[in-house]
Amino acid sequence: MKKWLGKFWPQKLKYRLFMAFVLLILLPFCVLTVYNYGKIETIIQDEVSQQSHAQLENLNRSLQDQMSIAFRSVLFLEQDSAVRATLKNPEQFHKLDNISLMEEKFRGLNTSFFLLHPTVYFTVLDLKGNVYTSNLPKETLNYETILANPRFQESLKGEVKYTWVPRDVNHVFRDTSASPYLLSLYAVMREPDNRPYGLVRISIDYTYWFQSVRYSSSGNQPYFIITGKGEPVAQSVASSALPDPIVQKVTAKPEKGYILDEPSQALINFSYIESLDWYIVTIIPFDLLFNKIQALKHNYYITYSLFMAAFILIALMISFTVTRPLSHIQMKMREAVRHDLKIRLPEDPYKGEILELSRTFNTMLSDMGELIQRLKVEQREKDAVQFQMLLAQMNPHFLLNTLNTMKWIALRKEQADIAEICMSLGKLLETSLNADMELIYLKDEMDLIRAYIYIQRTRYKDRFEVHYEYDERDEYVLVPKLSLQPLVENAIQHGIAGRPQGGVIRIRIKGAGHEALVLEVEDNGLGVEKAKQLRKNRTRPGIGLENIRQRLRLLFKDKGALEIIPRAEGTLVRITLPYLLAVPYEKGGDPDVESDDRRG
């Protein structure tokens, strides 16, 4: 992440200052402004939605009022004694008088309740073959056809006295209404003893009523009525239609609310009529919704652009004012480098922090000059020490060559033990002379240990045994050179050598599959305390273990450790270091590594 940001973050200070102004001041201001502008749009959406919901609720109440008036009309007809007498005994009066009476009642209901609404139709049937309707020529009526309506039959058979039919097929009033469906209330007029004597149907042409909303509502938004299953019922504009995705969203919502539909760029408001399982829906285009703030948005963007330009200009001026003296100091520093730090910065033109920076830089140049002189002296002394070290290496090389000569003499005289001792000692001496390699493979370290143990077993006449416990998968793990030899030497000299019967040394390496490598050397010798008592008269202090501690600290810092753990019989010494696996590159099945044979 840091590397990725470094590619885009400017390197020069003046551009960094400018970027800081932008990120810390300008960007938060922009985010806050956009957030506030979004809040304003949300508030306007809520206000418009509330106004639209108020209109939808008015439509809902208007339709509920129509339904309530239809219900009261049924009660009026049922309670009117003249209507009851006409329906129960139509033969007592002339047929034309009965028709005239019923039409007068229909007109009275229309005048009193429906306010002469032309979209309300009355149908009344007695049970003796007579039918009375409003708004229809009487010769078009067929009693048997009307009575066969399943709704009338269900009303006569059932116990429910009143039934609303939201999508009642318009069979009777086709001549006066073009709507294929009507909202009808079916009712049965009964005697106090529950015997029926007449049937009533009051039908409301909701299509005509709903289209009138188009002229009474403000704006150009269309209105729709759909069922709870998404079927269209009516629309205020005959040529309009509600898209299927919007229908699915509306019917999946609760009773009322609004939807912001991005594909159609419109606000969808809807209200639910529970008694009919209908939704009243209206669509408000975004253009109509936000036309009040378009001018405000235009003015805002102009003002905001001017403010941005002014802010950027001021930020650049501030950054250049701060960085110009620094650029001048930078140029002088480059000149000082080219002239071997012998040039000093002028202090007169500057003030404040820049003056203090110039003085500090001049002081630093003086100190660096003195430091360079001291480094030159130290380098000459280091070269002298290196020369002495190279000279000191001549004697061990001479000793190595002498051991090789002794080996060949022993081989010629068939002294195999002497030759093997010379080879083992030569291997140890050769490894100690290689100052370029501090870490070696574990398998090479084990070869050195075996060579050292061969010499010691020859010296002590096989008085001790050595057991190795390690996994061959760890043979290419890197370990410090000659790290196990001092541990084995201590185990022999301070543990096994003091026992008349000899002892056992166990060398264990644990590391396969772990993050750390553990090297352990354990013996069953005298132990730590007895070994200390035997060393009281020793004049030269031991350096083996302390040498290993210092090497671990230099190589692995706090990840390397050496522990001495006393046992009931003997001592356990444990080295812990990081698990560094370095398998050599293989080519053709054999390790492709360079031999490190440096015999002199």
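The values are calculated or read from the model by the stated rules, or taken from the named source; none is laboratory data. These numbers come from a predicted model, not from an experiment. Virtual Cβ from ideal backbone geometry, glycine too; neighbours counted across all protein chains shown. Note: accessible area is taken over every heavy atom of the protein model, side chains too, but ligands, DNA and RNA are not part of it. Shrake-Rupley method; radii C 1.70, N 1.55, O 1.52, S 1.80 Å.
Residues in region 455-474 that are in contact with an Asp or Glu (Cβ under 9 Å, 6 or more places away or on another chain) and modelled with pLDDT of 85 or more were compared, and the one that is surrounded by the most Cβ atoms within 10 Å (Cβ to Cβ) is Phe464. Output the residues belonging to region 517-534 that are farther than 10 Å from Thr571 by Cβ and open to solvent by less than 40 Å² (accessible area, probe 1.4 Å). Leu517, Val518, Leu519, Glu520, listed by residue number. The residue that is modelled with the highest pLDDT, counting only those in region 514-531 that are in contact with a helix residue (DSSP H, G or I) (Cβ under 8 Å, 6 or more places away or on another chain) and assigned to a loop (DSSP other than H, G, I, E, B), is Asn524.
Tell me, yes or no, whether region 543-552 has at least one residue that is modelled with pLDDT under 75, among the aliphatic types (A, V, I, L, M) and open to solvent by 90 Å² or more (accessible area, probe 1.4 Å). Yes; the residues of region 543-552 include at least one that is modelled with pLDDT under 75, among the aliphatic types (A, V, I, L, M) and open to solvent by 90 Å² or more (accessible area, probe 1.4 Å).
Residues of region 243-276 that are of a type in the set (Phe, Trp, Tyr) and within 20 Å of Pro166 (Cα to Cα): Phe270, Tyr272. Within the option set Val83, Val48, Val74, Val34, being at pLDDT below 75 and either over 38 Å from the mean Cα position of the chain (by Cα) or surrounded by 17 or more Cβ atoms within 10 Å (Cβ to Cβ) (or both) holds for one residue only, Val48. In region 141-153, the condition of being modelled with pLDDT under 85, more than 24 Å from Asn194 (Cβ to Cβ) and assigned to a loop (DSSP other than H, G, I, E, B) is met by at least one residue. Look at Val322 and say whether it is modelled with pLDDT of 75 or more, of a type in the set (A, V, I, L, M, F, W, C) and assigned to a helix (DSSP H, G or I). It is false that Val322 is modelled with pLDDT of 75 or more, of a type in the set (A, V, I, L, M, F, W, C) and assigned to a helix (DSSP H, G or I). Count of region 433-442 residues, restricted to those that are at pLDDT 65 or above and either among the hydroxyl-bearing types (Ser, Thr, Tyr) or part of a helix (DSSP H, G or I) (or both), is 2. Consider region 226-280 and keep the residues that are touching a His at 6+ places or on another chain (Cβ under 8 Å) and open to solvent by 30 Å² or more (accessible area, probe 1.4 Å). The one that is modelled with the lowest pLDDT is Lys256.
Might you let me know whether region 361-368 holds any residue that is in contact with a Lys or Arg (Cβ under 7 Å, 6 or more places away or on another chain), modelled with pLDDT of 75 or more, surrounded by 13 or more Cβ atoms within 10 Å (Cβ to Cβ) and assigned to a helix (DSSP H, G or I)?
yes
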